[in-house]
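Here's the structure we're looking at; comments come further down.
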Amino acid sequence: MRSHVFDPGIEIDDSRIDASSETIRGQLREYEDGARETFALEIEYPDDFTGAVMRSIAAIPFGETRTYGDLAPDLETAPIAVGQACGRNPIPVVVPCHRVVGHDSLGGYGGGLELKRRLLEHEGIAVPEAKHR
C-alpha cells in the first residue's frame, strides 16, 4: 500500500499489519497531524534478523533516537547490519526506523533523508545540519 506522510509517498507492506488499509492510513494521518505518538496496530514481524531489528526499533519511544551502534550489542551484530535491516523494514513510520541514526549523521532512510529529517523534527528531535564533505 502506498501512503503519504508529509507529502512524499512511502511504501508500507500492509500484509504485515492486522488492520484495514483505511485504518492504517487513518493512524498515519493522526500521526502526521500530531494527534498520535504510537500506533495501535498488530504487526506481524518477520521471523528473521530483520524482524529482530524491527522489534528493537519499535521499542524506541516517540521523540527519542538510538544509533545503529546502540542497537547492535543487544542484537549481537555490527551497526552496519542494523542499518541494512532498517533499510529492509517493510513498514516504515509504523515501525519507526527514522528514529535510528548514525553516531555522527542521520544515516540513511528509504524515503529519503529529507523525509527522515521531517519525521524527526515532527517528533521534537533536534536534527543537526548536514555536514558537507
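The values are calculated or read from the model by the stated rules, or taken from the named source; none is laboratory data. All figures in this text were calculated on a predicted structure; none of them were measured in a lab. Cβ placement follows ideal geometry from the backbone for every residue including glycine, while neighbour counts extend to all protein chains displayed. Remember, those area values only see protein heavy atoms, side chains included, never the ligands or the DNA or RNA. Shrake-Rupley method; radii C 1.70, N 1.55, O 1.52, S 1.80 Å.
Taking Leu41, Leu71, Leu120 in turn, the Gaussian network model of the chain (Cα-Cα springs below 10 Å) assigns the largest fluctuation to Leu41. Per atom type, the stretch 71-120 shows carbon and sulfur on 53% of its accessible surface, probed at 1.4 Å. Please work out whether the stretch 14-84 counts as rounded, prolate or oblate from its C-alpha gyration tensor, where a ≥ b ≥ c are the square roots of the eigenvalues and a/c under 1.5 means rounded, while otherwise a/b larger than b/c means prolate and anything else oblate? Note, shape of the stretch 14-84 comes out oblate. Of all the options Thr23, Thr50, Thr67, the one that moves most in a Gaussian network model of the chain with Cα springs shorter than 10 angstrom is Thr23. Under the criterion of Cα pairs below 8 Å and six or more residues apart, the relative contact order for the chain equals 23 percent. Going by the alpha-carbon gyration tensor, a ≥ b ≥ c the square roots of its eigenvalues, is the stretch 9-133 rounded (a/c under 1.5) or, if a/c is not under 1.5, prolate (a/b greater than b/c) versus oblate? Oblate, because a/c is 1.5 or more while a/b does not exceed b/c. Using the 1.4 Å probe convention, the accessible area of the chain works out to 54 Å² per residue with neighbouring protein chains retained. For the peptides 93-105, 25-37, residues were scored by their other Cβ atoms within 10 Å and the scores averaged per peptide; the highest-first order is 93-105, 25-37.
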